[in-house]
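A quick write-up on the structure given underneath.
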Amino acid sequence: MGKTHVIGGVLALVIGTGVPAAAQAAVASPIHWGPVTSSAGHSGHAKADVWITDFSAETFTVHGTLHDRDRHRGHCASIRARFHYVGGGTGWSWPRSTCSAKSPFRLTSDGEIKRVDVRVCLYDLASRTTFTCHADAITPEIIANWPR
């Protein structure tokens, strides 16, 4: 019975002290960028509802839902992110695609970044190629200038 009280007391102490301020800053709430839509010339298109983490995060994340809005059989939606790293250089995330009306996605960087380009395209299953793409460049400066 003595161990139960000690463990309970230690757990209460840990819960009571809370999470350190540095850890709380790292778990900032996500930022809603909004929709990114492919530039299809007809009624069919691909669309992503995009959320991002704070640019100060060591691993930057782009996540949300991807929507296939093209009624053509064999046309799907695709999303990919190009990360511009603080130390220099760029890198592409693995592409995500869906042929369903709505599908979640999550793309992550390999380190701290200064810019991300979110690219949404239609994807042709037969030829395995993307087309009618549109990219949004997202930077900390753009987000800092948003009205509060």
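The values are calculated or read from the model by the stated rules, or taken from the named source; none is laboratory data. These numbers were taken from a predicted model, which means no experiment stands behind them. Positions of Cβ are backbone-derived with ideal geometry, glycine not excepted, and every protein chain shown enters the neighbour counts. Each accessible area value is taken on the protein alone, full model and side chains, heavy atoms only, with ligands, DNA and RNA left out. Shrake-Rupley method; radii C 1.70, N 1.55, O 1.52, S 1.80 Å.
What to note about this one:
- Residues of the stretch 50-93 satisfying the condition of being open to solvent by 20 Å² or more (accessible area, probe 1.4 Å), under 23 Å from Thr132 (Cβ atoms) and outside any strand (DSSP E or B): Arg69, Arg71, His72, Arg73, Gly74
- Scope the stretch 95-123; condition part of a loop (DSSP other than H, G, I, E, B), among the charged types (D, E, K, R) and either in contact with a His (Cβ under 9 Å, 6 or more places away or on another chain) or touching a residue at least 60 places away in the same chain (Cβ under 8 Å) (or both); matching residues: Lys102
- Enumeration of residues in the stretch 125-148 that are without any contact (Cβ under 8 Å) to a residue 12 or more places away in the chain and part of a strand (DSSP E or B): Thr129, Phe131
- Pairs with Cβ under 9 Å, 6+ apart, first in the stretch 59-81 and acidic (Asp, Glu), second crowded, with 24+ Cβ neighbours inside 10 Å and part of a strand (DSSP E or B): Asp68/Ala46; Asp68/Ala77; Asp68/Leu122; Asp68/Tyr123; Asp70/Ala46; Asp70/Ala77; Asp70/Leu122
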